[in-house]
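Below you'll find the structure, written out as structure tokens, and then a few comments.
The values are calculated or read from the model by the stated rules, or taken from the named source; none is laboratory data. Everything quoted here is computed from the prediction, not taken from an experiment. Every residue, glycine among them, receives a Cβ derived from its backbone with ideal geometry; neighbour counts consider all protein chains shown.
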Amino acid sequence: MPGVYRLKECPVCGVEHRRRGLHCSRSCGQKARVLTDDHKRKIADSNREHMASDSPSAEKSKWIITQQKKGQGKTEQQLEQEMDGWSIVPPHGLDRQYEKDSDGDIWFS
Ligand SMILES: [Zn+2]
């Protein structure tokens, strides 16, 4: 039948539903997103790898995170600790300067 999703069972609460996606409701979808420690570690590893790379998206993420964090008046040590918790490797020191060029690319100096 067009426009109707097949009947499926919500993996969180077991209710049968025809909603889009796996879960019967937003709250079940969010429960399903609670990660195991092992899964978290895998995500952390791939984040670390990504953030240590020179890819433009990694540079941008680092820039954004750094700027956001700077705005909260925390010390570099506090920031590094927090970033550790976030599994993000900060660029060499938080005092590095960042510039956006006319193309919107971010450059570290
Ligand atoms: Zn459910």
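When the helices (runs of 4 or more DSSP H) confined to the stretch 1-87 are screened for residues that are at pLDDT 80 or above, those reaching at least 2 such residues are found at 26-32, 37-51. From the list Arg33, Arg41, Arg26, the lone residue that is more than 16 Å from the ligand (Cβ to nearest atom) and within 30 Å of Ser61 (Cα to Cα) is Arg41.
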